[in-house]
Amino acid sequence: MQYKNPVLKGFYPDPSVCEANGKYYMVCSSFQYFPGVPLFESSDLVNWKQIGHVLTRRSQVELEKINSSGGVFAPTIRYNNGRFYMVTTNDTTHKNFYVYTDDIYGEWSEPVEVDRDGIDPSLMFDGGKAYFIGNGTDDYGESGVIQCEINIETGEKLSHAKCIWKGSGGRFLESPHMYKIGKYYYLMAAEGGTEYGHMITYARSESAWGKFENYPANPVLTNRNKAPFIIQGIGHGDLVQDKNGNWHIISLGFRQMHMWMAYHQLGREVFLTPVKFNEDGWFTAGNDGTTDECYELDGDFEQNEKKLYTFENTDWNTDWVFLRHPNEKQYNLSDGRAILHGTDITLDEVDSPTFIGIRQRDFRFELVTNISVSGENGEGGVTVYMCENEHYDISVCKNGDDYQAVLKLNIGGIKHKQATAPLTEGNAKLIIKAQNTFYDFYVSCSGGGEIHLGGGNAKYLSSEVSGGFTGTVIGLYAVGKVTADYTDFMIKYTDE
Ligand code: 6LW
């Protein structure tokens, strides 16, 4: 059967995957969003169903007022002796820690800290030992891929932290993972940085401590010279074997908004690329060392893609996220309805405004929602949000008895009120129509037609402009002394 990349669309960066009891489990980074580390399950590596989050309690991760694109960086998920482990870094507090669970559908433990620097930690279990692998500097001042043995019960280091590989020479050596396959230990990592120069490289050794011999044709996988091609930034991968014995790399990548426009607003998404081990024990990836849009995959499966998102067919605890730690009193979320109570925190702040969002999953969509704004002075609406300095907001503003529909664009911190339209009441229908390169905003009130308020170019919300690691999130929000009551919400995605 054929599948099409990305296998998981939208802002789900830094994927890591493991196999357990005939299923695959995947985690992604989540930065300033809470709950943190979205957790997915699949039976074919192509269709991924989110089953929850790993970091669901404030005691597991501190995100109070942390910088956008700070917080939870790349995670790794591994399964050993009936227990799942997720290890990651809070890049704002510079803490490396892991949590564990014996029930993948339940809660995860309190964090176990590991006294190591760097980011992109990984775990390997081999010969009854647990190895903590990441990047950073070792106990002797060497930088590169750093390994130490740990007591998995306590996180205590049981050996010196030692640099075991310095990569193939690319900048930003990150995302190391080690695998024991046959007689070799394979050490795979990302180099080049998570933009257009991203690549996956690897080396092998007959010892977990090296000396590691570089694959002679590194990088084994990259799209850095694949042009013109929409899929770019391939890197940060994890190796996984499927039930038919075939190997794959699941990695991050991104889709440019247009063949000739090197901007991406959706964030880094998840791609699946086939891998082949050769007689000589080296492996290759893709047809030519690059990630294509479509591949054949053994197995009897259909690739399903959800195109319609509503309050009724999404789960507030799984599909929706808050900015940092929410004040739960500000939200009343139920089947088919969301009631948000504003505070004085705005979307332009590095804080936790009244905001609940769902990742933008593809370029072209139409969003419609009813909204009713009541209270004293303030606004309630929908935002296409990259971070506090890049977001487009359509809202119903209430100032005493005066109501207005307002379109605001925040581009690089330049706050521009693009259009207003008078309303006779606080009830309205807000509409967003998105193309690959542009967002258009409309309002309609009882019985009236759609008023086009204006729009904004998608590239000003892109990672290239905003500079972060996240992707656009479509958020419901309220600011000020108002309550915003949303019903009949839907986002419908359409193909090119
Ligand atoms: C991730 C690291 C990286 O931890 O960006 O650029 C970090 N590379 O691999 C956040 O995605």
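Could you look through the range 219-237, keep only residues that are surrounded by 24 or more Cβ atoms within 10 Å (Cβ to Cβ) and assigned to a strand (DSSP E or B), and pick out the one that is farthest from the ligand (Cβ to nearest atom)?
Among those residues, the one meeting the criterion is LEU221.
Just a yes or no: is a residue in the range 304-318 under 29 Å from ASN214 (Cα atoms), not in a loop (DSSP other than H, G, I, E, B) and not polar (S, T, N, Q)?
No, every residue in the range 304-318 fails to be under 29 Å from ASN214 (Cα atoms), not in a loop (DSSP other than H, G, I, E, B) and not polar (S, T, N, Q).
When you go through THR137, THR101, THR89 one by one, which is the residue that is closer than 23 Å to HIS325 by Cα, touching a strand residue (DSSP E or B) at 6+ places or on another chain (Cβ under 6 Å) and surrounded by fewer than 22 Cβ atoms within 10 Å (Cβ to Cβ)?
Every option except THR101 fails the conditions.
Find all pairs meeting these conditions: Cβ atoms under 9 angstrom apart; at least six residues apart or on different chains; first residue within the range 329-352 and open to solvent by 40 Å² or more (accessible area, probe 1.4 Å); second residue in a helix (DSSP H, G or I).
Within 9 Å, the pairs are HIS341/LYS329; HIS341/GLN330.
Taking the range 97-109 on its own, how many of its residues are away from the ligand (no atom under 16 Å from the Cβ) and closer than 21 Å to GLY134 by Cβ?
Counting residues in the range 97-109 that are away from the ligand (no atom under 16 Å from the Cβ) and closer than 21 Å to GLY134 by Cβ gives 4.
Condition check: among the aliphatic types (A, V, I, L, M), under 23 Å from ASN47 (Cβ atoms) and open to solvent by less than 10 Å² (accessible area, probe 1.4 Å). Does LEU323 satisfy that?
So LEU323 fails the test.
For the range 85-96, which positions are within 15 Å of the ligand (Cβ to nearest atom) and not in a loop (DSSP other than H, G, I, E, B)?
MET86, VAL87, THR88, THR89, ASN90, LYS95, ASN96
Could we say that GLU156 is in contact with a strand residue (DSSP E or B) (Cβ under 8 Å, 6 or more places away or on another chain) and open to solvent by 20 Å² or more (accessible area, probe 1.4 Å) here? Lay out the reasoning, then the answer.
Details: in contact with a strand residue (DSSP E or B) (Cβ under 8 Å, 6 or more places away or on another chain): yes; open to solvent by 20 Å² or more (accessible area, probe 1.4 Å): yes.
Judged against the criteria, GLU156 is a match.
Out of the range 439-487, which residues are part of a strand (DSSP E or B), among the small types (Gly, Ala, Ser) and more than 14 Å from MET386 (Cα to Cα)?
Within the range 439-487, SER444, GLY454, GLY455, ALA478, GLY480, ALA484 qualify.
Scan the range 295-314 residue by residue and report those that are open to solvent by 50 Å² or more (accessible area, probe 1.4 Å) and not charged (D, E, K, R).
GLN303, ASN304, LEU308, ASN313
Of the residues HIS391, HIS416, only one is part of a strand (DSSP E or B) and surrounded by 15 or more Cβ atoms within 10 Å (Cβ to Cβ); which? Step through it out loud before you land on a result.
Details: HIS416 fails: surrounded by 15 or more Cβ atoms within 10 Å (Cβ to Cβ).
Result: HIS391 is the single residue among HIS391, HIS416 that is part of a strand (DSSP E or B) and surrounded by 15 or more Cβ atoms within 10 Å (Cβ to Cβ).
Quick grid of which residues meet (1) crowded, with 17+ Cβ neighbours inside 10 Å; (2) within 20 Å of the chain's Cα centre (by Cα):
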site: GLY253; (1), (2): yes, yes
site: MET259; (1), (2): no, no
site: PHE283; (1), (2): yes, no
site: TRP316; (1), (2): no, yes
site: GLN360; (1), (2): yes, yes
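Looking only at the range 68-84, count every residue that is crowded, with 24+ Cβ neighbours inside 10 Å and away from the ligand (no atom under 16 Å from the Cβ) and tell me the total.
Number of matching residues: 0.
The values are calculated or read from the model by the stated rules, or taken from the named source; none is laboratory data. Since we're looking at a predicted model, the values are computed, not measured. When we count neighbours, we look across all protein chains shown, and the Cβ atoms used for this are built from the backbone with ideal geometry, even at glycine. Each accessible area value is taken on the protein alone, full model and side chains, heavy atoms only, with ligands, DNA and RNA left out. Shrake-Rupley method; radii C 1.70, N 1.55, O 1.52, S 1.80 Å.
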